[in-house]
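Below is one structure, written out as structure tokens; comments come after it.
Every number in this text was worked out from the coordinates using simple rules, so none of it is lab data. Fair warning: this is a prediction, and the values are worked out from it, not measured in the lab. All Cβ positions, even for glycine, are placed from backbone atoms using ideal geometry, and neighbour counts span all protein chains on display.
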Ligand SMILES: Cc1cc2nc3c(=O)[nH]c(=O)nc-3n(C[C@H](O)[C@H](O)[C@H](O)COP(=O)(O)OP(=O)(O)OC[C@H]3O[C@@H](n4cnc5c(N)ncnc54)[C@H](O)[C@@H]3O)c2cc1C
């Protein structure tokens, strides 16, 4: 006899943010839902390790306050986001300079005003006094962002991007991001000094092989919002989703070994019948359970956490290295961004290494951090080194941003590999999958009509 707890109309495989948010949409519509999770706790890749009062994310998490699904997903109303200081801090040639920190437009009209004001800036000696803009200092052309004129142009481009309709960005020709940047007439110093390190951090892709459309969306999210992290660690987001589901919806320690349109088989409880199955695992497991699905390449990511009792003086800034003078792509004093991540009197510095890490990662990262923060790191203590070889699915062109989520009536798939490889993409794919399930469940009698899987891979 099947335990009553496992009786459900829809079984969701995987309790990452995609599976949990789909569960919210289904249970709110009155659909009996069970989420089966192989790991001992929900969260998937958005996990946080707790050591001695520190909260250490596995992921080099950069969310944007402008991610629409953070607002639209039921269950996330109480999510607290801790923003970084506006823009980013660029390190180059031993100096640090803030960039991309223009006032975010509150309306399309405000943004147009900002664009017009900035567009006229090249004739001015500096952009001081332009309404609504952060005052930018006069800088030498050798600084990461070039002259004040270059900075004004960049500000104008970002303000335009912030209000550009998504459809317009998706209609642009699709190229590898690095090639697209070079072909758009952007000054080389703006690309190398700002766009390249920023996009590498946002896309977890140091070589910028990602589709230019995905890169445009990432820059748009940066321009229209603030970079931020969930208060209390990345796991706060899935934890909140799990906690606000009806009690007994999520079952941890249950590994699904096969799926069909009317049941799943688990290692622990045998076959569980249902009316529909939503596969919400990572891309590789999804393809193992449904061999028609494609397995993308992945970007490896390593996150290194250090502590010190003398916090560097960069405040809550996210720092990028425009010179690429070491393995660290971005770093921040996370305890300044989110004080709940470190015990009193200790600073937590979290740094992200993209691609294959060097074999002597701790030494290489320490040396690099010493240059970036301008202080000795010899006495910093290493708290954790988290390496995830298959962290982020690669989004090389041509990249289908809206990969089908309905494979067959009764069989659905979601997760970051069906959308953009971000938290926003995972949540949005779940949104689409839940809508498809609800539509099918609502259309009586049509649930189990077979359709070819091939078309959905
Ligand atoms: C190092 C790193 C850095 C990142 N940086 C960023 C960033 O800066 N910004 C950003 O937006 N995103 C970032 N991401 C990506 C983001 O974390 C993911 O897009 C998102 O967490 C994916 O959620 P998901 O629910 O699709 O998949 P997952 O979180 O992978 O969830 C899938 C779940 O399925 C479970 N599962 C697998 N197999 C089975 C099975 N057989 N039976 C039952 N359960 C199973 C897994 O245990 C897991 O809990 C990063 C990820 C990593 C790893």
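Using r as the Cβ-Cβ distance of residue 324 and residue 382, and R0 as 35 Å, what FRET efficiency do you calculate, to the nearest 0.05?
0.95
Points 7 angstrom from Cα along the Cβ direction at residue 402 and residue 297: gap in nanometres?
Modelled inter-label distance: 2.7 nm.
Once label points are set 7 Å from the Cα along Cα→Cβ at both residue 262 and residue 360, what is their separation, rounded to one decimal in nm?
6.3
Tell me the angle of helix 108-119 to the major Cα principal axis of the chain, expressed in degrees between 0 and 90 and rounded to the nearest ten.
Compared with the principal axis, the helix lies near 30 degrees.
Order these peptides, 93-100, 319-326, 414-421, by their mean beta-carbon neighbour count within 10 angstrom, highest first.
414-421, 319-326, 93-100
Mind running the shape call on the chain? Use the C-alpha gyration tensor, a ≥ b ≥ c as the square roots of the eigenvalues: rounded below 1.5 for a/c, prolate if a/b tops b/c, oblate otherwise.
Prolate, since a/c reaches 1.5 and a/b exceeds b/c.
Using alpha carbons only, how many degrees (0 to 90, rounded to 10) separate the axis of helix 361-373 from the longest principal axis of the chain?
It works out to around 40 degrees.
Would you mind calculating the gained length between residue 72 and residue 188 on full extension (0.36 nm times residue separation, minus the Cα-Cα distance), in nm to one decimal?
38.0 nm
Roughly what would the spin-label model give for residue 28 and residue 371, points 7 Å off Cα along C-beta, in nm?
Spacing of the two 7 Å Cα→Cβ label points: 4.8 nm.
Hey, what angle do you get for helix 423-442 against the long axis of the chain, alpha-carbon based, 0 to 90 degrees rounded to 10?
For helix 423-442, the angle is close to 30 degrees.
What list do you get for 412, 373 if you sort them by fewest beta carbons within 10 Å?
373, 412
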